[in-house]
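Report on the following structure.
The values are calculated or read from the model by the stated rules, or taken from the named source; none is laboratory data. Keep in mind that this is a model prediction, so the values were computed, not measured. Quick reminder, even Gly has a Cβ in these numbers, built from the backbone with ideal geometry, and neighbours come from all protein chains shown. Note: areas computed on protein heavy atoms with side chains; ligands, DNA, RNA excluded. Shrake-Rupley method; radii C 1.70, N 1.55, O 1.52, S 1.80 Å.
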Amino acid sequence: FFSMTVEDFFNFYFYVGKLQLANCSGSKSAGDWNLNVTPGMNTSKVTVSLTRNLQLCLPNATDCCTTSLCVLETLQVLACRDSVMLARLWIQAEIYANSSFTGNVTENATIIPNQVFQPLGSCPCDLTAEACDVRCCCDPECTPDLKQLFNESCFTGVFGGDVNPPFDQLCSSQSMEYTPDWFPFLCVQSSLNNTPFLGYFYHGSTSTPRVPPFKIPLRTSPGRLFTGYRQGDPIMTEENEYFTVPQQSMAGQCVGNAPVAYLQNFDVKCLSNLASYKEGLPHDVKINSGTGDFLQQNVIYRTVTDVGKFITESGMSLPFNKYVFYLTWTIKINDENMNIIMCSFSATVNIEILTQRFTVKFISLKNTNAAELLGNPGYQVGKPVRTANMNASDTFGSLNIWQPAGRGLCTSATYTPVLFGLDSLSGCTLEVGINEDCSLLRGNVTEKLNSLIQATHVGKRGNSSYSNLNDWVEIIRLDPFNSDTNMSSGNLKGICPDIPANLNIRIIFADVGAVQGIPQQEILAVQISYSTVIWQFQCGLICENSVSFLPITASVQFIKVPAQPPIPMTRFQINYTEFDCNRNDVCWPQLFYPLTRFYTGEPYSQCLAKGLSLAFLVLLAVIMNNPWFSELCNSSLI
Amino acid sequence: NNSYQLSSVPLQILFYINGIYYIFYFLATLAMIVYKSQVFSYPDDFLAPDLALLFIMAILEVLQLYLGSKGNLTEEEAPLALSLVITIGSVILSVYFLVWQTYVLKADVIINAVLLSTYGLESVLKVMAIAAFVS
């Protein structure tokens, strides 16, 4: 029986069998079903029950089920109040007879068809035993009534049991729209029961899996003797292991065991828990200096007195009584010593999150300015462009672009040097009032952009020295078009044309040779130009804003030119593959057309027929010209 | 003049026609096998038996025609009988190409049917000729 509870007092009516919508005029029992309503406090319990006997029929019994599925009916229960229907419940009842089997058990095993003719079994979609698989039209357990339900959407193809569908070239297939002219003679007459693929899958051959040759070569520690470090080589320790310092991985998080590359500086901040804080490097690590000896660590402890600089009050993500502080240590590897500088301090604050900052810097002792060492004389991608200012007294120049930070206002913007090989675009926003004078604005913008360029010359190579003028190229400046004349729209407030708000730095470089196999790049020319915009004061609905923003940008573009054009190759040297019929003059595969299929100008069947008949004629001619053949003819025809 | 000449003229004519027809049959079947191998997909080891049987059939045919013609013209029953036996082999092969081949095209059916009828007629005439020579 079924039961459900409803909230209010209703009358319940009951319909059996009809699928159309009924109204509130039925009865409490219909067919084999009864409806009982037991009212309760707030709810009524409605019970629908079957009154039939569901035993499977024994030979002499009556009032029993003849088949194992005894009841398949659809019921409707209506909740009505005052002849107005308020709710309807559909019940689809499918009840199986109680089958306690008392007869004989037959020993018929399931007949497995001959695998040669039915490699997937007679009905591959018959997956459940003794039940009808939906959408499987070849399932023998499906009764015709059930099959009618899903008749339109049977599985097609091999899975639905059609292991041998008729193909288009059969003479008996009528369904092709386009039959070629020769179709009556060259259609396949052999029946589908006897295709060459019978038993094809039955034998089944096994193939041993070939171990794929993909092996990521694990970079193990080299056992060879060291001849020195080149740029990018990992620094090795005395035990021939990598010298590791926690660094930031490409995914963003800090990895503890990242090797340090020679001449590659970095500066990372890693967050960690105080519980898992380690003091950094183990104290007995010695690194291989590349010339045979090993460098001892020189640990310098500095005590920080002004703790407040290192404790930062946390931002909005942490509660206020937790602090974040820095513990910094810097490794300076110069040519002779490895200095590790560690800072420590004691604090009585509640420390939860530790930010450790790891900095590795390579310093050459020979250059007292502690300028960065460059491994190759040419420029390396990522290194700052060397600049010089010949007009200044100390000849140091700088070429910078803006460093994005904070709100992006130009008044608080900082600079970052232009790095070789990295095209960049950065900018800041300038606040402009509505009453700004246009020429003043132009001057302001130009001055701000010019503050980025504090150089007159750019070094050709990474090791350009200040004493040699040939090592430097002059920056070509295309100054903005300074129009001092009265502009016709200069009297309009809030709009200024021709503001040189975009600075374009174009650096042209080229490959000029190689050192130890590594191509060296040199800067050939630098050009600085300005692009103008029209600035307009941005108003809201009414112009109540006092300032509007003008974005000014600086972009750096690196353009590679060939230092010399490549020597044009002679046709002898141009060595396209022999089978490239598009580019070669001589195309052997197309010449031997019927034997190879590269030519597509003529239908293959025609060419084959012509070729075969030609071969036949040639053969005939050869045979007939043979005197042996004429003798044979004469002797056999007499 | 039948008393002096026991050789069967129809048989000889039939040998002649059979020879020419067989050349056409051989080339046509070869071309069709080549066509089938390009258009349909043959499982791996079905093409070789078809071609081998075709060439064996060609050899048998040459032998049969030669022996039969010689036997008929020299009025000896031994080569003619041998030719009859070889004809049976040819018939079997022709039935193979008609029914048991990997892919049977309608053109295959036609030319094999013609060949089989030729063989049938030939066999009848050979038996009659042997009977004539023996007696």
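Remarks
- Note on residue A:164 and residue B:110: with the Förster distance fixed at 30 Å, the Cβ-Cβ geometry gives a FRET efficiency of about 0.70.
- Chain lengthening between residue A:616 and residue A:38 when straightened (0.36 nm per residue, less Cα-Cα): 198.2 nm
- 5 angstrom amide H check on residue A:548, placed H, neighbours 5+ away: A:432, A:433
- Distances between placed amide hydrogens fall under 5 Å for residue A:383 paired with A:420, all partners being 5 or more residues away or on another chain.
- Given charges at Cβ of Lys, Arg, Asp, Glu: the range B:9-134 dipole, positive-most of B:69, B:120, B:110: B:110
- Segments A:154-162, A:595-603, A:245-253, A:381-389 sorted - mean Cβ within 10 Å per residue, highest first: A:381-389, A:154-162, A:245-253, A:595-603
- Taken along the Cα-to-beta-carbon direction at a fixed 7 Å, the label points for residue A:131 and residue B:31 span 6.1 nm.
- Whole-Hz Karplus values for the range A:33-48 come out as 10, 10, 10, 10, 10, 10, x, x, 5, 10, 10, 10, 9, 10, 10, 10 Hz, taken residue by residue from phi with 6.51 cos²θ - 1.76 cosθ + 1.60 and θ = phi - 60°; glycine and proline positions read x.
- Remark: the range A:247-261, residue by residue, has Karplus-estimated 3J(HN,Hα) of 9, 8, 7, 5, 6, x, 8, 7, 10, x, 10, 9, x, 9, 8 Hz, where x stands for each Gly or Pro and the curve is 6.51 cos²θ - 1.76 cosθ + 1.60 at θ = phi - 60°.
- Based on the Kirkwood approach, the hydrodynamic radius assigned to chain B is 15.7 Å, with every pair of different Cα atoms included.
- When the residues A:511, A:267 are ordered by accessible surface, computed with a 1.4 Å probe over the protein chains alone, the sequence from largest down reads A:267, A:511.
- The mean number of Cβ atoms from other chains found within 10 Å of a Cβ in peptide B:33-43 is 3, as a whole number.
- Our estimate of slack between residue A:454 and residue A:590, defined as 0.36 nm per intervening residue step minus the Cα-Cα distance, is 42.4 nm.
- Counting heavy atoms of the protein chains alone, residue A:90 has an accessible area of about 110 Å² for a 1.4 Å probe.
- Long-range HN-HN contacts of residue A:460 with modeled amide H, under 5 Å: A:472, A:473
- Heavy-atom surface of the range B:9-134, accessible at 1.4 Å and reported per residue (Å²): 45
- Neighbouring partner chain Cβ atoms per residue of B:106-117, average, 10 Å criterion: 2
- Exceeding the 28 Å Cα-Cα cut-off - candidates A:286/A:361; A:147/B:106; A:383/A:560; A:610/B:126; A:610/B:36; A:269/A:560: A:147/B:106; A:610/B:126; A:269/A:560
- Efficiency of FRET between residue A:63 and residue A:95 - r from beta-carbon atoms, R0 22 angstrom, step 0.05: 0.90
- Note: relative contact order over the range B:9-134, using C-alpha pairs below 8 Å and six or more positions apart, is 29 percent.
- Difference of contour (0.36 nm per residue) and Cα-Cα distance, residue A:114 to residue A:424: 104.4 nm
- Largest first, the residues B:104, B:99 sort by 1.4 Å accessible area into B:99, B:104.
- Förster radius 51 Å - calculated FRET efficiency between residue A:145 and residue A:609, Cβ distance, rounded to 0.05: 0.35
- For the residues of A:186-196, the average number of beta carbons from a partner chain within 10 Å of their own beta carbon is 6.
- Taking the Cα centre of the range B:9-134 as origin and assigning +1 to Lys and Arg Cβ atoms and -1 to Asp and Glu Cβ atoms, the resulting dipole is close to 220 debye.
- Under the simplified labelling scheme, the residue B:21-residue A:267 pair shows an inter-label distance of 10.0 nm, with each label point 7 Å from Cα along Cα→Cβ.
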